[in-house]
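Down below is the structure, laid out as structure tokens.
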């Protein structure tokens, strides 16, 4: 066993392998305030990767409505119940991770979903946390009756549970970008990974009898193109890029900016201890502080305050970076805000975005003399 | 009717120019998904969003504020806010006086507007400069060449010139169609309140009052916040606060209305009421403040040159691809909803309510492409199938996937699916200004299909073979030659927003992924900008936004003033009544005037029953079926997982359409890998003895649903009575229930499949038609309705394309519509929801559903798995 530093927990923790952060970590920030629950991401992934035999039930990307939605059934409720109530001491996690809570002789806590747990994947869609009553017919911010959408993919964790659980070491994390992959030729379908992953983002294929999972569309990423679920997001909620090692944070990298500088991007259930690399901007309309903290850790309420500050016009840089999401297929490495224009460059140094923070309005002449046509709004 | 043209809307991207965005059953993020980011980014820029709906809906999780209102009461809610604003005087006086009919004088005796000729001897109507007056039958320029509104001399004479009371002189003053906006006479300050006396040309006196005054009396007597709360369920505080916020944001409040509230019989009242609210607060025609009624994608008028394609004279065909077509219309449009209604107009009692210009002809054959809403998903579809189709001799349908329209068509042409079209086409939108080419696909056809256009062209060619007349073929020349782009170019050249573009350039650009921009006056497009900023007149007779309707039919039907009318079926209260205390201008015809019984509350008679009730009376009344155990309003809005009547059609999509998707169909009763469902409040489910996931029967008025004559047709009744999953949903208000509009309906064949196939799929053994239900459908509880105010010959309206204003029927602009799909229903448990047919549906049995949550779920909901909170950011 080794001791590794988990920056999300602000402490050392036990893990079977030595700390070995990738040069840069493929990562994303999802703004839940923009997610429209359209499931385009789900379809973009499924039509590409999981339309084969044995893959029918798989959603490497799924979008669930919180609090009643979950895929597989109650994956997080069950994991939290196994882990038991835990606590934070300020920014430092004072509870047990899924590794630390393991029984003697076990590497981690975990549970195995049944076939039925994968049925009804969008159960809970658009359901509020507590029943509507006449007292709640007029809601203001924050809503004491609420739901929000939680899009989920594999988190390509720094301290992945799937990787450390596999008895054959069939799962590896790439040094160049931190993407976690299953070697399907080495895999024998033991499903230890399936039991271990607290996010239940490893799937077993009953036809091929090996496991599979989100690959962060690494063939695209290697060419500087965003994964399918990221670049097809029509809600424009997903910022995809590379998170720098904590000591190498670069403010003009959108991912570093959102996660380490402005700290609006928070990890999902950081208390599990895997250091997940898909981050979430928490939903500002949800009144349940306890629920949000349980899901996104301490600091999620400050993240909401920072987001609202940008909404008030007091943080043009944050506003600009948020508007950059899904404005190009290319992976953005660097951005710059100059006045009312934001620009972004890819890894090759090519400019891939140049856009205004607001689209200018424009009036045309009522009669175009050259073309001999009258222009109207009411045609 | 307020604006004199089809409807208002604005490019949704203008949201970022607004401060306050009010959404009235307009579930933006679910039904305008590509434009969802404009709403969320507007919030990032500081805008506030308010949702107004009978549920906490998808968009509410992106809103700052939400008001729950009862279904179909948007008009009352808007009028309640208008009352507050008029009461407090927080309206924009200048906008109201110069752009609306609110200062125009109404005669107490005729209830019609006062005309200049009524009291000025020898008055001759003004010569208008904002309108080109033509003689009846005179040809007009193509849309692109029209420099102003166009009207016949006959109609202009009918308009007359209207009158206001000039407070500066204490006398009436004439204001014409020209005098709108900044062209309002400087020396006239029109009264908004008061009653005045005018001497007519014959020497008699008549009392007159401004429209504003008449409306204010109605609102003060019948639409106070307390009264509106009774009828809408919205708390008084919500009414007062939102009204104040809107009034505090002139030019910066957007109003977007959606399909949900539009799908009720008396729906247009809500638009009229919301337009009143917007006009009072100077929120029409501004980038950040205007009105949009988003009921589909309906504005073919963005291609104003479309008549080049639809009305080319078949007796004088132009084969030169560079020359425009010669237009001569040899066909007459009619609303499709007479066929839907049983192929008859609305005749009840002693009156024919369908105007002459609207009168339909009986349907002999139907030939249509896609448009599943014409048959497969028509309102009251099952009634159409049983009672109307047998009268039709032939149905020809084009489709690329097998729908319920195909199930009943005599001939189905398999046509190219949209990604495999080998012919170019063009399209636009009402919610954005993109002009997009349908790029010819590099894909090979999957089957031996043809393009929609080719089917028509080849039929034409066949007619030539049979008759020897070459013109049948020549009409489709460019399609038969393989490239229809000359037709598209003609449309471009004739249209205001498209002239100047070459289609070939557009096609090339779209191949690379970049559309062009429609050349409207502004970008973003906001309908009303020219009226507000350049003082151009509206398309009404007065040139103003009109809130008073003095057409004789509107006076007769009790809608000359803006009112709320209860839904015709989807209400817990007395259906169809007009919400109003007695008012001198509201004296509608009563049932006895039509030789009808006032106590006849049958569904047919309700369409013409103009009974007035106060808010208190409405709140105390009950729907006639309540006595028989009917309990819920059922509404069937549109959602994110499918598009209109293009049903949820692929297994991957329906897997995540709501809660019941299961690829492996552990429950063998499932009609498909997913299925339709009805949402209801948890308390309602308990009261009904229904558990989450159970199958239930849903019944609407037995007089005509699931189809007329069901009592004598057990085979069809067996197929078409609606059985569906119940889903417990805490987001809906109690006593309203919701089902989505999209799932494929049951057909005789799908029911046969469900009962005879080994796998139990509700799939027709012969056609493979796949239904989303075991029995019946959401259309088992709907029916067609015909609304009298939509069928008059009196209404002035701009034509669908171009600047010409006419009267009476106009296809897609003013006609009977098929919107209403409301109902009042009864639920009965049919079967347990457990996967083996017994017990509870698995997720509920496991304790993870509202109403059945186990301890862990309860703890989870409370955030109880983290016991102490962190403080600052790490």
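Compute and list, largest first, the equivalent-ellipsoid semi-axes of chain B from the alpha carbon gyration tensor, each √(5λ) rounded to a whole angstrom.
Each semi-axis is the square root of five times an eigenvalue, giving 42, 36, 28 Å.
Taking each pair of different alpha-carbon atoms in the stretch B:314-454 once, compute 1/r for the pair, average those values, and report the inverse of that mean as the Kirkwood hydrodynamic radius in Å to one decimal. Show your work: numbers first, answer last.
Working: mean 1/r = 0.0549 Å⁻¹.
18.2 Å is the Kirkwood radius here.
Can you compute the helix-only [θ] at 222 nm over chain B? Use -39500 (n - 2.57) per DSSP H run of at least 4 residues, normalise by all residues, nearest 500 deg cm²/dmol.
Helix contribution divided over all residues of chain B: -6000 deg cm²/dmol.
For B:651-657, what's the mean count of beta carbons from other chains sitting within 10 Å of each residue's beta carbon?
The shielding value for this peptide is 6.
Got the relative contact order for chain B handy, in percent, Cα pairs under 8 Å and 6 or more residues apart?
Values: 1990 pairs, mean separation 143.6, N = 874.
Worked out over chain B, it gives 16 percent.
Cα centroids of the stretch A:37-88 and the stretch B:431-476: how far apart, whole angstrom?
Taking the Cα centre of each part, the stretch A:37-88 and the stretch B:431-476 sit 45 Å apart.
Rounded to the nearest 500, what is chain A's calculated 222 nm mean residue ellipticity when only DSSP H runs of at least 4 contribute -39500 (n - 2.57) each, over all residues?
-4500 deg cm²/dmol
What ranking do B:125-132, B:249-256, B:829-836 get when scored by the average of other Cβ atoms within 10 Å per residue, highest first?
So the order, starting with the most tightly packed, is B:249-256, B:829-836, B:125-132.
To test your reading of the geometry: what angle, between 0 and 90 degrees and rounded to tens, separates the Cα axis of helix A:40-49 from the longest principal axis of chain A?
60
List the pair-distance distribution P(r) of chain A, using every Cα-Cα distance, as the percent of pairs falling in each 10 Å bin from 0 up to the bin containing the longest distance, rounded to whole percents.
Histogram of Cα-Cα distances, whole percents per bin: 5, 22, 32, 24, 10, 4, 2, 1, 0.
Across peptide B:486-499, how many C-beta atoms of other chains are within 10 Å of each residue C-beta, on average?
Shielding by partners across B:486-499 averages 2.
Which angle between 0 and 90 degrees, to the nearest 10, do you get for helix A:300-311 versus the longest principal axis of chain A when only C-alpha atoms count?
In chain A, helix A:300-311 runs at an angle near 10 degrees to the longest axis.
Most mobile of A:278, A:210, A:365 per a Gaussian network model of chain A (Cα springs, under 10 Å)?
For chain A, modelled as a Gaussian network with Cα springs under 10 Å, the answer is A:365.
Within 10 Å of each Cβ of A:301-313, how many other protein chain Cβ atoms are there on average?
2
Along the principal axes of its C-alpha atoms, what lengths does the stretch A:145-301 span, in descending order and rounded to whole Å?
Sorted largest first, the three principal extents are 45, 37, 33 Å.
Could you rank the peptides B:575-585, B:311-321, A:254-264 by their average count of other C-beta atoms within 10 Å per residue, with the highest value first?
The peptides rank, most packed first, as A:254-264, B:575-585, B:311-321.
Taking each pair of different alpha-carbon atoms in the protein assembly as shown once, compute 1/r for the pair, average those values, and report the inverse of that mean as the Kirkwood hydrodynamic radius in Å to one decimal.
Answer for the protein assembly as shown: a Kirkwood hydrodynamic radius of 32.4 Å.
Using only the alpha-carbon atoms of the stretch A:1-156, report the extent along each of the three principal axes, biggest first, to the nearest angstrom.
The principal-axis extents, from largest down, are 53, 45, 33 Å.
Taking the C-alpha atoms of the stretch B:106-192, how large are the radius of gyration and the largest Cα-Cα span, Dmax, in Å?
Answer for the stretch B:106-192, Rg first and Dmax second: 15.2, 46 Å.
Pairs of Cα atoms under 8 Å, at least six residues apart: use those to get the relative contact order of the stretch A:2-272, whole percent.
RCO, the stretch A:2-272: 28 percent.
Gaussian network model of chain A, Cα springs within a sub-10 Å range: biggest mean-square fluctuation belongs to which of A:362, A:301, A:139?
Comparing A:362, A:301, A:139 in the GNM, the peak value goes to A:362.
Taking Cα pairs under 8 Å and at least six residues apart, what relative contact order does the stretch B:51-92 come out at, in percent? All intermediate terms of the calculation are to be shown ahead of the outcome.
Numbers: 27 pairs, mean separation 13.3, N = 42.
Computed over the stretch B:51-92, the figure is 32 percent.
Read-outs: derived from the displayed coordinates by stated rules, not from any lab. All values derive from a computational prediction rather than experimental measurement. We place every Cβ from the backbone using ideal geometry, glycine too, and count neighbours over all the protein chains shown.
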